[in-house]
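J.: Okay, handing you the structure first.
The values are calculated or read from the model by the stated rules, or taken from the named source; none is laboratory data. What you see is a predicted model, and the numbers here were worked out from it, not measured in a lab. No Cβ is skipped: glycine too gets one built from the backbone with ideal geometry, and neighbour counts run over all protein chains shown. Remember, those area values only see protein heavy atoms, side chains included, never the ligands or the DNA or RNA. Shrake-Rupley method; radii C 1.70, N 1.55, O 1.52, S 1.80 Å.
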Amino acid sequence: MMAELFRRLADCIAQRQTAAVVTRLADGAQGLLVDGACEGELALTDGGLAEAQRLSAAGRSGLLAGAERLFLRCYPSPSRLIVVGAVHISQFLAPMAAMAGFEVVVVDPRRAFASAERFPGVTLIDDWPDEALLRIGIDARTAVVTLTHDPKLDDPALAVALASPAFYIGALGSRRTHGKRVLRLTELGLEKALDRIHAPVGLALNGRLPSEIAVAVLAQIIQERYAS
């Protein structure tokens, strides 16, 4: 790999930007696919570029169709989980998600809840959720889950998430609670996006303990991550 291409790839990874290296197997010529364009010595046809973009968007590596025998190696940005609410469920969900390969961020302005003692090794942000989410930035490899059960914290976070390309949005609460939430968010003009919210959050595993609910939530997130 050319030194300049390698440095550009390293920059993309550092900036949480998905990139892919396309190599022509016949002679080793390479190009870097990033932001919808291929940089470097290797030029792609329109069809090859479109196929490479589809593979890259799915986070997959593989041979591209065609006679040139081009191999795409994808370097997807790591999936990230933002949990709003440093509650009991979050104490189980955060380490489980980390073991599943997610970068985990827990957001809660209540510092007594969002403490290092309760969440060892987890990135904690004690700002208001909407401000925190806007500062973090939500991309298409980010999942957002609201667990506080407090509309003052959950609703603003959901409003930010619904305006983002997050691949998963979930909210804790019963169907009755979610019905009230839908009415509040509709008043904010978000009615067209409300079907993106998974609520009640998690797969229907019928678990009741915080740890069991965390398993159901993470399972649903993983299911959505690979839905495409």
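J.: Please compute the alpha carbon radius of gyration of the chain, then divide it by the globular-protein estimate 2.2 N^0.38 Å. Two decimals is fine.
T.: Numbers: Rg = 20.2 Å, N = 228, 2.2 N^0.38 = 17.3 Å.
Working it through for the chain, the quotient is 1.16.
J.: At q = 0.13, 0.19, 0.21, 0.24 Å⁻¹, work out log10 I(q)/I(0) for segment 20-113 with the Debye formula, treating every Cα as an identical point scatterer and leaving solvent out; two decimals please.
T.: -0.57, -0.79, -0.90, -1.10
J.: List every residue whose amide H lies under 5 Å from the amide H of ILE169, counting only residues 5 or more places away in sequence or on a different chain, with H placed 1.01 Å from N in the peptide plane.
T.: VAL144, HIS198
J.: At 7 Å along the Cα-to-beta-carbon direction for both ALA98 and ASP139, put a label point, then send me their distance in nm to one decimal.
T.: Once both label points are built, they end up 2.2 nm from each other.
J.: If you line up the long axis of helix 46-57 against the longest principal axis of the chain, both from Cα atoms, how many degrees apart are they, to the nearest 10?
T.: Helix 46-57 sits roughly 30 degrees off the main axis of the chain.
J.: Taking the mean number of other Cβ atoms within 10 Å as a proxy for protection, how do you rank 184-193, 93-102 from highest to lowest? Mind showing how you got there, number by number?
T.: Values: 184-193: 13.0, 93-102: 18.6.
Order by mean packing, descending: 93-102, 184-193.
J.: Sticking with this one: How far is helix 210-225 tilted, in degrees, relative to the longest principal axis of the Cα atoms in the chain, given as a value from 0 to 90 rounded to the nearest 10?
T.: Taking the Cα atoms of the chain, the angle to 210-225 is about 30 degrees.
J.: Another question, then. Once ligands and nucleic acids are excluded and a 1.4 Å probe is used, how much of PHE92 is accessible, expressed in Å² to the nearest 10?
T.: In the full protein context, PHE92 sits at about 90 Å².
J.: Same structure again: Within the accessible area of the chain, what % is carbon and sulfur when the probe is 1.4 Å and the other protein chains stay in place? Let's see the in-between values first.
T.: On the way: 6480 of 11710 Å².
For the chain, the apolar C and S fraction of the accessible surface comes to 55 percent.
J.: Of the peptides 164-170, 215-221, how do they stack up when ordered by the mean number of other Cβ atoms within 10 Å, highest first? All intermediate terms of the calculation are to be shown ahead of the outcome.
T.: Details: 164-170: 19.7, 215-221: 21.3.
Most protected by this proxy first, the peptides run 215-221, 164-170.
J.: Let me spell out the model: positive unit charges on the Cβ of Lys and Arg, negative unit charges on the Cβ of Asp and Glu, origin at the Cα centre of the chain. What dipole size does that give, in debye rounded to 20? Each step should come with its number before you reach the end.
T.: Numbers: 24 positive and 25 negative charges, 133 e Å.
My answer is approximately 640 debye.
J.: Something else now. Run through the DSSP bridge list for the chain and note the antiparallel percent, rounded to the nearest 5.
T.: Numbers: 16 of 35 bridges.
If I count the DSSP bridges inside the chain, around 45 percent turn out antiparallel.
J.: So how far, in whole Å, is the C-alpha centre of segment 39-82 from the one of segment 116-155?
T.: Cα centroid of segment 39-82 versus Cα centroid of segment 116-155: 32 Å apart.
J.: Enter the angle in degrees (range 0 to 90, nearest 10) between the Cα long axis of helix 88-99 and the first principal axis of the Cα atoms of the chain, meaning the one along which they spread out most.
T.: Roughly 10 degrees between the two axes.
J.: Given points 7 Å out from each Cα along the Cα-Cβ axis, report the ARG8 to GLU224 separation in nanometres with one decimal.
T.: Result for the modelled spin labels: 3.4 nm.
J.: Please give the per residue accessible area of segment 23-170, computed with a probe of 1.4 Å over protein heavy atoms only, in Å².
T.: Details: 6720 Å² over 148 residues.
Value for segment 23-170: 45 Å² per residue.
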